[in-house]
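The values are calculated or read from the model by the stated rules, or taken from the named source; none is laboratory data. Bear in mind that the values here come from a model prediction, so they are computed numbers and not experimental data. Here the Cβ is made from the backbone with ideal geometry for all residues, glycine too, and neighbour counts use every protein chain on show. We work out accessible area using only protein heavy atoms, side chains counted, and drop any ligands, DNA or RNA first. Shrake-Rupley method; radii C 1.70, N 1.55, O 1.52, S 1.80 Å.
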Amino acid sequence: MSTAIEARTGRAGPAGRFDPASYEAGWRERWEADGLYRADDGDPRDKHYLLTMYPYPSGDLHIGHWYAATGPDIVARTRRMQGLNVMFPMGFDSFGLPAENAAIDRNIHPAIWTADSIGRMRTQFRTMGCMFDWDREVVTSDPSYYRWTQWLFLQLFNAGLAYRAMAPVDWCPKDQVVLAREQVEGADRHCWRCGTPVVKRDLEQWFFRVTSYADELLGFDGIDWPEPIRLMQTNWIGRSEGAEIEFPVEADGVDPIRVFTTRPDTVFGATFMVLAPEHPAVAALTTAGRKADVEAYVATARRETEIERMSAERDKNGVFIGAHALNPMTQERIPIWIADYVLPGYGTGAIMSVPAHDERDYAFAERYDLPIRYVVLPRGGSAPDGEAFVAHTDDEVLVDSGEFTGMPAAEAIGAITRQLADLGLGGPAVSYKIRDWLVSRQRYWGAPIPIVYCDEHGAQPVPEEQLPILLPEDVDFAPTGVSPLQSHAGFLSASCPACGAAARRETDTMDTFVDSAWYFLRYCSPHEEERAWDPEKVREWMPVDLYTGGAEHAVLHLMYARFMTKALRALGHLSFGEPFLALRNQGQILGADHQRMSKSRGNVANPDELVARYGSDTVRLFLMFIGPWDQGGPWNPTGIDGVHRFLARVWGAALAEGGGELPTADIPGIPQPSLAGEIPGSGGPSADRMLGTAEELSRALRRATHVAISEVGDDYAGFRFNTAIAKMMELTNAIVRARESGLAGTDAYAESIDTLLLLLAPAAPHISEELWARRGHGYSIHQQPWPVADPELAQSETVELPVQVDGKLRDRLVVTRDTPPEEIERLALASEHVQRYLAGRAPRRVVQIPGRLVNVVTPGE
Ligand SMILES: [Zn+2]
Ligand SMILES: [Zn+2]
């Protein structure tokens, strides 16, 4: 291997051409052959588990993958040089709709298509030069993985956290699949994948009881996550406090109707009730005379989407079902209606209608001539005319509310709730917007749910020793609305674990988000055959120290991974409750037209072409230079030449210690770059300041070097890769100037070059390795310790002072740190800009904040 490298890179020659194609692939092969980036278990150094979200095997790595992976790779490489035992694994989220649909489009079996895609993506990933530990690769559609996804299902099932229920579900008519709530997007409620508007269907479904962990999921103590993500999860969980109130009904054998309200103080104003058309009590309560109208209304409501039903502009209509309930506080008989604006999945699917204090209820009461009774008003105020009182003021008190009349509303909330509890008709309650996680899919390409159905024993868990339940390959996977597994006789037939009788296997497969809810655990012991993970290794590596990925996963993957971790802790399988200690989200790379990159817009930048032309390092560096990593930015391909020229300058400076001409970049198809470049900080007045004695020049170069060490390290840690690169460009400019001043060959010059290469190594791993070797240092630069800044050397000898006149910036002074205040005052007053404002007058006074600023106060009028 090493001979191949030497042959390819050719150590001979004073400088050599800057030609990344001549060395990049060779170094990657050597790093991999040497296992340079392998994270070993039991290493005495502190562990650092850095994870970036694994991709769907879409078939091609696009520029977004490069962008997402390069940032954390830089941090992983830096942490490694800083002495940590870094694990940075990669794998493929290979089950699920994208793989299956792609397979259907191309008429290839999903297993073959997935394997081909993964093979291609592995190769592409390797060209990035990331330090992924491929020995730990995880592929979720592999039986050695999904066996344990099935095991996980059984753990949840046995603990009562996985259950089956009939539920109206969102159905994509195009993909022929039930969608999770999170997979339904937009105001028109369309499918997240294909954009088709969803419809409702009733199906027996498997759910995970995420709602049991709603309160735990609201706690973010001890984890460093971006505020917007925490906020989105908090809103998604949607916790609100209030009371649950029972309204007895006038029908034998029907339970009281339960409602949740955040305003139990308005219960005296509840003059009717509204149930969701789907409410289970509707059929039992509807009187014979109302039956036809009610059934027609229910049928219509079920065809509509939730958004249509919830829309504020929409006509609020409903029908009376003929039955009455009893207001538990007034003992009044109040009519029961159904209306489609009450949804079955929110709260209890029933509301107490208080038309005087709710605009929607008010409109409904007006329309159907139902009583409106004001029960809360500002102290001494009167009821508004022709509208609900919803403003709510601090001084509002109860009116027309029996013994509670006159009580401040805030106080009445507790008092009425307590009385309801005493009456056995309710009590304090908490309501959540979050619903349980629907995990079953009527699709082929997923982990089969390990359940069998026995006529006598119902749903039975498959014994663990029978796992994995393999996905058969010989099925017709075209989408037909039912799982293709339903027509596979061999798959269907099973025996009941309870009685041994013939049983039918569950044909639904699991949501792909189940696979990704635990993959970070599998990386800790990916080859473990007897268990989902080796507990000792999970103890060693988990939790993940730093997780990176797209913010679009705020309430999907990131919530499910937290739920799974908490559930597994409760079941005794894990000792921690949060999977990811820190989270950072990358921004998005837009097309040159500032639009989202897409094939249809024709604005997609192809990383393979760019790598072939410029090499991997240039593409990595350019992507990180576009803007702040967490914000992304538009792709401007002209900028890549500037970054390439920067690397050419590094190449030249590193290999031209003896003086002479700097080598140039000579890449086919790229204009010959000028070494002057358009690089921040090049040229300009700072160049003049470099003039001085050899000793001064050398000190200035060392200072620039040590400033760069401390700043680049901080920037990498803070994901500010763009500013880190700008600082390395400045250091390179300082080095080139030093060389022009004859400093090449000195110790200071060599220190600067070697430091620059070390700082550059995480961002541009190939050129730094190549130059490190060419400069005669041992393999590998990626095994070197991170340079340490000497704060004394880094301290500037001069300081730039803003000079203000009457508080406004008028000039700047550059002085040495030991310049006495009286000299600073003299220099400030001598400034022609200051003189102009003084106009010959003496200043009233001169104020100095040492090391910070000078302010000249004029005598005024
Ligand atoms: Zn769809
Ligand atoms: Zn049985």
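Here are the numbers:
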read-out	value
Single condition ARG441 does not satisfy, out of (1) surrounded by fewer than 24 Cβ atoms within 10 Å (Cβ to Cβ); (2) more than 16 Å from ligand 2 (Cβ to nearest atom)	(1)
When residues of region 135-168 are limited to those that are open to solvent by less than 40 Å² (accessible area, probe 1.4 Å) and farther than 18 Å from ILE451 by Cβ, the one farthest from ligand 1 (Cβ to nearest atom)	ARG136
Region 488-538, residues that are more than 16 Å from ligand 2 (Cβ to nearest atom) and surrounded by fewer than 14 Cβ atoms within 10 Å (Cβ to Cβ)	ALA489, GLY490, HIS527, GLU529, GLU530, ARG531, GLU536
Candidates PRO173, PRO197, filtered to the one that is away from ligand 2 (no atom under 16 Å from the Cβ) and either under 29 Å from GLN155 (Cβ atoms) or touching a residue at least 60 places away in the same chain (Cβ under 8 Å) (or both)	PRO197
Helices (runs of 4 or more DSSP H) contained entirely in region 35-132, each with at least 3 residues that are open to solvent by less than 10 Å² (accessible area, probe 1.4 Å) and closer than 30 Å to GLN442 by Cβ	97-106, 110-127
Region 195-204 - residue that is open to solvent by 40 Å² or more (accessible area, probe 1.4 Å) and of a type in the set (A, V, I, L, M, F, W, C) and, of those, nearest to ligand 1 (Cβ to nearest atom)	VAL199
So ASP361, is it touching a helix residue (DSSP H, G or I) at 6+ places or on another chain (Cβ under 7 Å) and at negative phi	yes
Matching helices (runs of 4 or more DSSP H) fully within region 218-326 where at least 2 residues are open to solvent by less than 40 Å² (accessible area, probe 1.4 Å) and within 30 Å of THR196 (Cβ to Cβ)	227-237, 291-303, 306-310
Filter result for the condition that a residue is more than 16 Å from ligand 1 (Cβ to nearest atom) and under 19 Å from ALA517 (Cα atoms), over ALA251, ALA243, ALA214	ALA214
Tally, over region 420-470, of residues that are out of contact with any Gly (no Cβ under 9 Å at 6 or more places or on another chain), more than 24 Å from ASP175 (Cβ to Cβ) and of a type outside the set (A, V, I, L, M, F, W, C)	17
